[in-house]
Amino acid sequence: MEDFSRRAAVSRKTNETDISVSINLDGSGKHNIDTGIGFFDHMLTAFSVHSGFDLDMAVEGDLYVDGHHSVEDAGIVLGMAFKKALGSAKGINRYGTAFIPMDESLGFCCLDISNRPFIVFECDYSDSRTGDYDNCLTEEFFRAFAFNAGITLHLKCPYGKNDHHKMEALFKAFAHALAKACAYNGDDMLLSTKGVL
């Protein structure tokens, strides 16, 4: 098993957003999150608590336009920080799967820390918004994370009625699946027939 602290900090500034993220993959779910979008803060808090990753995240974005740039760029920077913190990926399980119920809704996540970014996302919403959050941005966040973290990510909500519950089930399923994939499997080998990811 590699002997290092799986922590990273990444900052990224564009004409649309200014984002700073620090993450500790071996934390306890401590978090300090401010994106300017209340529902998105709630989802990222759920991600931190359920993954056990310590997460500090500050997002300043052009919310006078809408939330798109803030949410997508948050996924970009968080994905970059995750990949940096993970390091070589030696000794980890690599794969993770989770089903998470949220009242009447069910969230499913299956992922591979593969260095082959891809996303399959299936979730239908009853409304376009939850609070000040555009529901369609959930897929944008996960796509940005997957492509910058280098993971193959499958997310699905096969049923549910309440949009809040659907998205929360997906974020929690993602958190549990990613935590499983990051966990050490007891050796220092890279789980790949190629020898590299």
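Data table
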{"item": "S51, sole failed condition from (1) within 15 Å of the chain's Cα centre (by Cα); (2) of a type outside the set (K, R); (3) closer than 16 Å to E168 by Cβ; (4) surrounded by fewer than 23 Cβ atoms within 10 Å (Cβ to Cβ)", "result": "(4)"}
{"item": "For G61: the one exception among (1) crowded, with 21+ Cβ neighbours inside 10 Å; (2) touching a Leu at 6+ places or on another chain (Cβ under 9 Å); (3) touching a residue at least 40 places away in the same chain (Cβ under 8 Å)", "result": "(2)"}
{"item": "Options L111, L106: the member that is among the hydrophobic types (A, V, I, L, M, F, W, C), in contact (Cβ under 8 Å) with a residue 60 or more places away in the chain, farther than 25 Å from S28 by Cβ and outside any helix (DSSP H, G or I)", "result": "L106"}
{"item": "Residue pairs meeting the criteria (Cβ under 6 Å; at least 6 apart or on separate chains; first more than 18 Å from G79 (Cβ to Cβ), in the stretch 16-36; second assigned to a strand (DSSP E or B) and acidic (D, E))", "result": "K30/D54; N32/D56"}
{"item": "Residue satisfying all of: in the stretch 20-38; buried (at least 22 other Cβ atoms within 10 Å of the Cβ) and farther than 16 Å from A183 by Cα; farthest from the chain's Cα centre (by Cα) among these", "result": "I37"}
{"item": "Test: residue in the stretch 81-93 that is β-branched (V, I, T) and closer than 24 Å to K166 by Cβ", "result": "no"}
{"item": "Subset of the stretch 1-54 (residues that are small (G, A, S), at pLDDT 95 or above and more than 26 Å from H69 (Cβ to Cβ))", "result": "G27, S28, G29, G52"}
{"item": "Conditions (1) under 20 Å from S48 (Cα atoms); (2) in contact (Cβ under 8 Å) with a residue 24 or more places away in the chain; number of the one not met by D134", "result": "(1)"}
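For every residue, the table says whether it meets (1) within 17 Å of the chain's Cα centre (by Cα); (2) at pLDDT 95 or above; (3) in a strand (DSSP E or B).
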{"residue": "K83", "(1), (2), (3)": "yes, yes, no"}
{"residue": "Y125", "(1), (2), (3)": "no, yes, no"}
{"residue": "E139", "(1), (2), (3)": "yes, yes, no"}
{"residue": "R143", "(1), (2), (3)": "yes, yes, no"}
{"residue": "A146", "(1), (2), (3)": "yes, yes, no"}
{"residue": "H154", "(1), (2), (3)": "yes, yes, yes"}
{"residue": "K166", "(1), (2), (3)": "yes, yes, no"}
{"residue": "A169", "(1), (2), (3)": "yes, yes, no"}
{"residue": "M189", "(1), (2), (3)": "no, no, no"}
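This table checks each residue for (1) touching a Pro at 6+ places or on another chain (Cβ under 8 Å); (2) within 26 Å of R7 (Cβ to Cβ); (3) surrounded by 23 or more Cβ atoms within 10 Å (Cβ to Cβ).
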| position | (1), (2), (3) |
| --- | --- |
| E104 | no, no, no |
| F108 | yes, no, no |
| F118 | no, no, no |
| T138 | no, no, yes |
| H154 | no, no, no |
| Y159 | no, no, no |
| F171 | no, yes, yes |
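The values are calculated or read from the model by the stated rules, or taken from the named source; none is laboratory data. All figures in this text were calculated on a predicted structure; none of them were measured in a lab. Heads up, the Cβs are rebuilt from the backbone with ideal geometry, glycines too, and the neighbour counts pull from every protein chain shown.
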